[in-house]
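Enquirer: Pasting a structure here, questions to come.
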Amino acid sequence: MAINAIRAAVQNRNIRPIIKTISWRIIAMIITGAVIYVYTGEIKNSGEISIVAGLILTFVYYLHERFWV
């Protein structure tokens, strides 16, 4: 029952871009944090920069995705 509800939500044209945006940003934030850590060697800075960049880019990506749908 719950699987069908999730499947229906994912197929909904209004919710799909939100789910897609969130899942991609999680992946991108992990990659961004790892790259920043390699360059700086500081985990705290890596986390802070990756979270701020992730929040900004999540919003921009969502707008971009909605524009092209």
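Enquirer: Name the one entry in Ile36, Ile18, Ile49 that is surrounded by 14 or more Cβ atoms within 10 Å (Cβ to Cβ), touching a residue at least 40 places away in the same chain (Cβ under 8 Å) and within 19 Å of the chain's Cα centre (by Cα). Talk me through it step by step, then tell me what you get.
Expert: Working: Ile36 fails: touching a residue at least 40 places away in the same chain (Cβ under 8 Å); Ile49 fails: touching a residue at least 40 places away in the same chain (Cβ under 8 Å).
After applying the criteria, what remains is Ile18.
Enquirer: Would you check if Ser46 is in contact with a Phe, Trp or Tyr (Cβ under 7 Å, 6 or more places away or on another chain) and part of a helix (DSSP H, G or I)?
Expert: Yes: the conditions hold for Ser46.
Enquirer: Taking segment 52-69 as the region of interest, how many residues are surrounded by 14 or more Cβ atoms within 10 Å (Cβ to Cβ) and either at pLDDT 95 or above or of a type outside the set (S, T, N, Q) (or both)?
Expert: Residues flagged as surrounded by 14 or more Cβ atoms within 10 Å (Cβ to Cβ) and either at pLDDT 95 or above or of a type outside the set (S, T, N, Q) (or both) within segment 52-69 amount to 6.
The values are calculated or read from the model by the stated rules, or taken from the named source; none is laboratory data. Only a predicted model underlies this, so the values are computations on that prediction, with no experimental measurement involved. Please note: Cβ atoms are built from the backbone with ideal geometry, for glycine as well, and neighbour counts cover all protein chains shown.
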